[in-house]
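These notes are about the structure you will find just below.
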Amino acid sequence: MMKPVLTIVVPCFNEEEVFSETAFQLSTLLKSLVTQNEISNRSSILFVDDGSKDHTWNLILSENKLNPIVKGLKLARNVGHQNALLAGLEVASKQSDCVVSIDADLQDDISIIRIFLEKFKEGNDIVYGVRDCRNTDTYFKRTTALGFYRFMERIGIKLVPNHADYRLLSKRALNELLKFKETNLFLRGLIPLIGFQSSIVYYDRKERFAGESKYPLKKMLSFAFDGITSFSVTPIRFVTFIGFLSLIISAMAGGYSFVQAILGNTKSGWTSLMISIWFVGGIQLLGIGIIGEYIGKIYQEVKRRPKYAIEKDIYSKNEANMSYR
Ligand code: UDP
Ligand code: MG
């Protein structure tokens, strides 16, 4: 393959503050790659507007008029980062030899896209961008992220540590990814499951160029929880184990009270009674909660609801009207 068609997919949710700068930097890079004959001149940047409430979509449209290398996909409503990214990947897969996914906020060093391409040309189907230094993330975000990767490793989920969704996928890796039909998406857990030859490129993560994080704590926690429960049944086993343990403990406590009763030491027994009621009740609730979480997941999966709806697509259409300035 001489000059691959590259599409850079960028999910955007209320990103009007960063859009122009991101579009400028990415198109400058892409154009220079085209002039250097690294990629085909059919390459482009696909901004996926994930149901933004601000002017993101209008900005995408007007940028596309001036600079047709910038294209857009408008989703009918906000479906979240993972689904929006998947929408972009699915649409891009039809016209690209390889796809790079990146966030809109310029936190990830775009210059390594060149190295991604080199690795791709060396025969890697997946190239992971990995954050070398996270000094620009808050202390809280760094420690919770580290704890999360450790925990995932512990319970046997294969992840590339410190890799978010900044990566290159070849057409064939992408096609394999699109065969995963699950509703609860956790892309960074799915991609290592694809297989094929892969490689890692390290970079420094910068601060968000402008605007605020679209991942508040609540979304972050639910994302982490999805990551765990979509890939592992260890939490359910853990609950079973705890239940078993509490059974043994109560049997031992029972034996002890029996002996005490024979010796005539029986007191009111109120404390132990209350403690065991609460203890066992707590464990049961925990267990039911975790099982419920999995049942909820199954419920969502069996419905097979579509993950997104495309409202407008200016990527697939105007392929012919490409010009580079
Ligand atoms: N994003 C999205 N839909 C959402 C939330 C976020 O498409 O519902 C996009 C967002 O515009 C950005 C990327 O996902 O391009 C990552 O979000 P952000 O940078 O806010 O997350 P952080 O870097 O703080 O984890
Ligand atoms: Mg960010």
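Give the order of Met252, Met2, Met220, Met152 when sorted by the count of other beta carbons within 10 angstrom, beginning with the fewest.
On the way: Met252 10, Met2 7, Met220 16, Met152 21.
Final ranking by Cβ density, sparse to dense: Met2, Met252, Met220, Met152.
Please report Rg over Rh for the range 8-59, where both radii come from the alpha carbon positions and Rh follows the Kirkwood definition.
Values: Rg = 12.3 Å, Rh = 11.7 Å.
Result for the range 8-59 is an Rg/Rh of 1.05.
Which value, in Å³ per residue, describes the convex hull spanned by the Cα atoms of the range 68-124?
Details: hull volume 6.8 nm³, N = 57.
Here the figure is 119 Å³ per residue.
Find how much the distance from Arg172 to Leu221 grows on full extension, using 0.36 nm per residue of separation minus their present alpha carbon separation; answer in nm with one decimal. Mind showing how you got there, number by number?
On the way: separation 49, 0.36 × 49 = 17.64 nm, distance 3.20 nm.
Extra length available between Arg172 and Leu221 comes to 14.4 nm.
How big is the shadow of the Cα convex hull of the range 124-178, averaged over all directions, in nm²? Don't jump to the answer; show the numbers that get you there.
Working: hull surface 18.7 nm².
With every direction weighted equally, the projected area is 4.7 nm².
Based on the mean of other beta carbon atoms within 10 Å per residue, what is the order of 40-49, 161-170, most packed first? Mind dumping the intermediate values first?
Working: 40-49: 24.2, 161-170: 21.7.
Highest-to-lowest ranking by the protection proxy: 40-49, 161-170.
Among Met252, Trp278, Ile200, flag the residue with its Cα farthest along the positive direction of the charge dipole of the range 188-319, charges on Cβ as +1 for Lys/Arg and -1 for Asp/Glu.
Of the options given, the answer is Ile200.
Given the convex hull over the Cα atoms of the chain, what projected area results after averaging over all orientations, in nm²?
Values: hull surface 80.3 nm².
So the mean shadow area of the Cα hull is 20.1 nm².
For the range 214-320, state the average projected area of the convex hull of the C-alpha atoms over all orientations, rounded to one decimal in nm². List each step's numbers first, then the result.
On the way: hull surface 45.5 nm².
One quarter of the hull surface, i.e. the mean projection, equals 11.4 nm².
Taking the number of other C-beta atoms within 10 Å as the exposure measure, put Asp50, Asp313, Asp137 in order starting with the fewest. Could the numbers behind the result be given before it?
Working: Asp50 27, Asp313 15, Asp137 19.
Listed from fewest to most nearby Cβ atoms, that is Asp313, Asp137, Asp50.
Which cross-chain or sequence-distant (5 or more) residues have an amide H under 5 Å from the amide H of Ile8, H modelled 1.01 Å from N in plane?
Ser44, Ile45, Leu46, Val100
Do the alpha carbons of any pairs in Lys74/Lys181; Lys141/Lys214; Lys65/Lys206; Lys65/Lys312 sit beyond 20 Å of each other, and which pairs? Spell out each step's value before the answer.
Numbers: Lys74/Lys181 22 Å; Lys141/Lys214 13 Å; Lys65/Lys206 30 Å; Lys65/Lys312 15 Å.
As for pairs spanning more than 20 Å Cα to Cα, those are Lys74/Lys181; Lys65/Lys206.
Using the Cα centre as the reference, give the magnitude of the dipole from point charges on the C-beta atoms of the chain (Lys, Arg: +1; Asp, Glu: -1; all else neutral), rounded to the nearest 20 debye.
Numbers: 41 positive and 33 negative charges, 135 e Å.
Here the chain has a charge dipole of around 640 debye.
Nearest 20 debye, what's the magnitude of the dipole of the range 66-186 about its Cα centre given +1 on Lys and Arg Cβ and -1 on Asp and Glu Cβ?
The dipole of the range 66-186 has a size of about 260 debye.
Residues of the range 284-300 with amide nitrogen under 16 Å from the 7 Å Cα-to-Cβ point of Phe238?
Zone members listed by number: 284-294.
Going 7 Å from the Cα of Thr35 along its beta-carbon direction, which residues of the range 60-99 have the amide nitrogen within less than 17 Å of the resulting point?
Only 67-70 fall inside the zone, counting backbone N under 17 Å.
Looking at the calculated P(r) for the range 1-118, what percent of the C-alpha pair distances fall above 26 Å? If you can, show how the numbers build up before the last one.
Values: 817 of 6903 pairs.
That tail contains 12 percent of the Cα-Cα pairs.
If I take R0 = 35 Å and measure r between the Cβ atoms of Leu247 and Ser213 in this structure, what FRET efficiency does the formula 1/(1 + (r/R0)^6) give, to the nearest 0.05? Walk me through the intermediate numbers first.
Values: r = 44 Å, r/R0 = 1.27.
FRET efficiency, Leu247 to Ser213: 0.20.
Residue by residue through the range 28-42, what is 3J(HN,Hα) from phi via Karplus (6.51 cos²θ - 1.76 cosθ + 1.60, θ = phi - 60°)? Round to whole Hz and write x for glycine and proline.
Rounded to whole hertz, the list is 4, 4, 5, 5, 5, 5, 5, 4, 7, 6, 7, 9, 5, 6, 8.
I need Thr7, Thr183, Thr28 ordered by Cβ neighbour count within 10 Å, fewest first.
Details: Thr7 27, Thr183 16, Thr28 12.
The fewest-first ordering by Cβ neighbours comes to Thr28, Thr183, Thr7.
Can you tell me the Rg and Dmax of the range 149-265, counting just the alpha carbons, in angstroms?
In Å, with Rg to one decimal and Dmax whole: 22.9, 78.
Based on alpha-carbon centroids, what's the gap between the range 98-123 and the range 79-94 in Å, whole number please?
What the calculation gives is 17 Å, centre to centre.
Rounded, prolate or oblate, given the Cα gyration tensor of the range 194-260, with a/c below 1.5 counting as rounded? The partial results should precede the final answer.
Details: a/c = 4.15, a/b = 2.41, b/c = 1.72.
Because a/c hits 1.5 or more and a/b exceeds b/c, the range 194-260 counts as prolate.
Quick note: the coordinates plus some simple rules give every number you see, no bench work behind them. Source: prediction; values computed, not measured. Quick reminder, even Gly has a Cβ in these numbers, built from the backbone with ideal geometry, and neighbours come from all protein chains shown.
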